Amino acid sequence: MPKSTTPFWLAAFVLGSGVDILFWGKPVGISFFIWAALALSSAWFLTLKAGSHPARANILLGVIILGLAAQSFLRAEPFSRGLGVLLALIGLMIWAATLRNGNWLHFTVWDYIRAVAVLVFAALTRPFQQPKPAENHPTGGPYSVRLQQGRAVLRGLLLAVPIVGLFALLLASADLVFAKQIETVLQALRLDRLPETLFRLFYIGVLTVIFCGVLLHAVLPRQEIRPSAREAPFLSPFLGWTESSIVLSSVNALFAFFVVLQFRYLFGGQVNIHEAGFTYAEYARRGFGELVWVALISLGLVLALHTITRRETPRRQRSFTLLNGLLIGLVLVILASALQRLILYEQAYGFTRLRTYTYLFIPWLGLLLLTVVGLLFSGQMRRVGLVLLIFGLGYGLLLGFWNVDSWIARQNIQRAMNGQDLDGDYLQTLSADAVPE
């Protein structure tokens, strides 16, 4: 602990009050960007005051956080704004947990979990750890004197309030002019909204305590989470290689059968689908959402099996890697099928928000899967946590850059200009982002 925590408490009070001033009764817009910038600058200032400086990697992360926070006022479309705010908050936690060392660039998934857990624990405990007085004045130093003075002031205020209140009540009863002035003062204090005022003061106090703990941990950490020297899963592998191989081989066989059908029917054109008894529109417009879920669950399966499977010999390690690589390769074809279905569906019925989110997410997820394949074959799976973080933050930035509602309006209007139907009612449900189009 520092000798004085006063600067941390003041900064925490500013952040807590900022939450109330910027967000109470107001929509989330540029206020969130202002608060995020205030949080970053407060921690930066305290770090410099403590004689240190933020890590270079965290400067980059801070820029990304501000970019995500800016979507709260640059975009009116709700999902892009909400995702930007959520990812910015996650980024702020990681930023605070690694402010001085920038270790987030080298963390595993388990390291990220530990770093955030330590940050949360520090937020709840650090503010209550009193700073130690100066060694030369263990009991009667300046800190002790200031503490006694502060307690005396607090006791005086507590005693004065009821006494002054009693006298004010008597004097108001004795003089109408004085009573009118007292009433004016009470109206200015808005005592009619006393319950709301007390609640707001209460949560400002709670947030001040939490933010003080976060700032203390960010600037003067008592425990720094260092990157694991090697891939260190949070639980020991317990599943045998045989069991995992059977699971992967079975899923690969199922996916291979599905992929063969895609090449025969969906990628093969309308003739083959008509022979199967379906129209092209009926066949193509179904399933793109389910196929995206298949890809996501498959990614989770790869990561889970990589964590829990025992691979005692190099031969088993190579076989396991090949099976996972084959699985991801088949999933990439499935994603291509999902994208093809989605494009055909949009050509027939136009764009909506959900279809646009999926339209952007499928290539992004495919790029993530290719990156995981590279990590698998290079033996760098310990970096999968960083990859997931980067792709998560990147997707949030991509939505904000893309301007979803403007894209929907542009594509649907273009369809109408080409002679297809225009759903004007749906366009009117879009946000102000679509107005220029």
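The values are calculated or read from the model by the stated rules, or taken from the named source; none is laboratory data. All values reported here derive from a predicted model rather than from experimental measurement. A quick note on method: Cβ atoms are made from the backbone with ideal geometry, for glycine too, and the neighbour counts reach across all protein chains shown. These accessible areas exclude ligands, DNA and RNA; they are computed on the full protein's heavy atoms, side chains included. Shrake-Rupley method; radii C 1.70, N 1.55, O 1.52, S 1.80 Å.
Tally up the residues in the stretch 45-60 that are more than 22 Å from HIS106 (Cβ to Cβ) and free of Cβ contacts under 8 Å to residues at least 24 places away in the same chain, please.
Filtering the stretch 45-60 down to residues more than 22 Å from HIS106 (Cβ to Cβ) leaves 45-46, 48-51.
Checking the rest, the ones that are also free of Cβ contacts under 8 Å to residues at least 24 places away in the same chain come to 48, 51.
The number of residues fulfilling the criteria is 2.
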### Message
Testing SER378 on (1) over 30 Å from ASP425 (Cβ atoms); (2) touching a Leu at 6+ places or on another chain (Cβ under 8 Å); (3) polar (S, T, N, Q), one condition comes back false. Which one is that?
### Response
(2)
### Task
Test each condition in (1) farther than 22 Å from ALA11 by Cβ; (2) surrounded by 11 or more Cβ atoms within 10 Å (Cβ to Cβ); (3) modelled with pLDDT of 70 or more; (4) not β-branched (Val, Ile, Thr) for ALA160 and report the one that comes out false.
(2)
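Here is a list: SER31, SER52, SER42. Which entry is out of contact with any strand residue (DSSP E or B) (no Cβ under 8 Å at 6 or more places or on another chain), farther than 15 Å from LEU386 by Cα and exposed (fewer than 15 other Cβ atoms within 10 Å of the Cβ)? So that I can check it myself, show each step before the final result.
On the way: SER31 fails: exposed (fewer than 15 other Cβ atoms within 10 Å of the Cβ); SER42 fails: exposed (fewer than 15 other Cβ atoms within 10 Å of the Cβ).
Every option except SER52 fails the conditions.
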### Count of residues meeting criterion [closer than 12 Å to SER236 by Cα, open to solvent by 40 Å² or more (accessible area, probe 1.4 Å) and in a helix (DSSP H, G or I)] in the stretch 305-319
0
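Determine whether LEU87 is under 16 Å from the mean Cα position of the chain (by Cα) and modelled with pLDDT of 95 or more. Reasoning before the result, please.
Values: under 16 Å from the mean Cα position of the chain (by Cα): yes; modelled with pLDDT of 95 or more: yes.
Judged against the criteria, LEU87 is a match.
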### the stretch 1-28, residues that are part of a helix (DSSP H, G or I), open to solvent by 80 Å² or more (accessible area, probe 1.4 Å) and in contact (Cβ under 8 Å) with a residue 12 or more places away in the chain
TRP9, PHE13
### Task
Go through the stretch 274-310 and give me each residue that's at pLDDT 85 or above and among the basic types (Lys, Arg).
ARG310
### Query
If you check TRP35 against the conditions, is it over 24 Å from ASP111 (Cβ atoms) and of a type outside the set (Asp, Glu)?
yes
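Modelled with pLDDT of 80 or more and not polar (S, T, N, Q), is that true of LEU215? Please lay out each step first, then the result.
Numbers: modelled with pLDDT of 80 or more: yes; not polar (S, T, N, Q): yes.
So LEU215 fits the description; yes.
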### Query
What are the residue pairs meeting all of these: first residue in the stretch 385-413, first residue more than 25 Å from GLU346 (Cα to Cα), second residue assigned to a helix (DSSP H, G or I) and among the β-branched types (Val, Ile, Thr), Cβ atoms under 6 Å, and 6 or more apart or on different chains?
GLY385/VAL109; VAL387/THR371; LEU393/ILE64
### Message
For the stretch 75-116, give me each residue that is more than 22 Å from THR429 (Cα to Cα), open to solvent by less than 30 Å² (accessible area, probe 1.4 Å) and not in a helix (DSSP H, G or I).
### Response
THR98, LEU99, GLY102, PHE107, THR108
